[in-house]
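Everything below concerns the one structure shown next.
The values are calculated or read from the model by the stated rules, or taken from the named source; none is laboratory data. Note that the structure is a prediction, hence the values are computed from the model and not measured. Here Cβ is always computed from backbone atoms with ideal geometry, including for glycine, and neighbour counts include all displayed protein chains. Keep in mind that these areas ignore ligands, DNA and RNA; they rest on the heavy atoms of the full protein, side chains included. Shrake-Rupley method; radii C 1.70, N 1.55, O 1.52, S 1.80 Å.
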Amino acid sequence: KGPNDHIAFSGMPSPGAAGLIAAIILLHQHILAGGGDAIWIGRAYAFGVPMVMLLCAIAMVSTIPYDHFVNRYLGKPQSFRFIAFLVIILFLCMWWFQETVALGFIVYAVTGPVHVIKSRRAQKVESL
């Protein structure tokens, strides 16, 4: 087993946190550039960016497990279903780039806490 064979990080990896921050800033700028009725959402959204940065910092120094995306999903042969799902995401990226990238990083950021909650619930059920 080599040093790159792990499938999870302890705490959010810094590229994941940086990607999340960059993606939400890109989405923020995209919303502001659109103008119209969405401009107030973009202005309100600006207040959420520092909060997301703080949450990312806390997640990075935590012991919450985060998947090593490349080793877990791309480092082994995948099913047709996975490849089809990946193609759909790539098409979504072509049409709604900022939204898809932001959603992808948000989902990644939430997977760690969701995994912890699921495992704690499973432990409670086993102890009963």
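Here are the numbers for this structure:
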{"item": "Among S62, S14, S79, residue whose mean-square fluctuation peaks in a GNM of the chain (springs only between Cα atoms under 10 Å)", "result": "S79"}
{"item": "Cα-centre dipole for the chain with unit charges at Cβ (Lys and Arg positive, Asp and Glu negative), debye to 20", "result": "400 debye"}
{"item": "Under 16 Å from the K118 label point (7 Å along Cα→beta-carbon), backbone N, segment 50-91", "result": "64-69, 72-73"}
{"item": "Carbon and sulfur %, accessible surface of segment 45-128 computed with the full protein complex present, 1.4 Å", "result": "74 percent"}
{"item": "Of L86, M51, T100, farthest towards positive along the dipole that unit charges on Lys, Arg, Asp, Glu beta carbons give the chain", "result": "L86"}
{"item": "Calculated [θ] (222 nm, deg cm²/dmol) that DSSP helices of n ≥ 4 give over the chain, each run adding -39,500 (n - 2.57)", "result": "-25000 deg cm²/dmol"}
{"item": "Between helix 39-61 and the chain: long-axis angle, C-alpha atoms, 0 to 90°, nearest 10", "result": "30 degrees"}
{"item": "Segment 1-114: proportion of alpha-carbon pairs further apart than 24 angstrom, %", "result": "36 percent"}
{"item": "Solvent-accessible area of K124 with every protein chain in place, 1.4 Å probe, in Å² to the nearest 10", "result": "140 Å²"}
{"item": "Selection from I39, V61, H28 lying farthest towards where the dipole of the chain points positive, charges on Cβ", "result": "V61"}
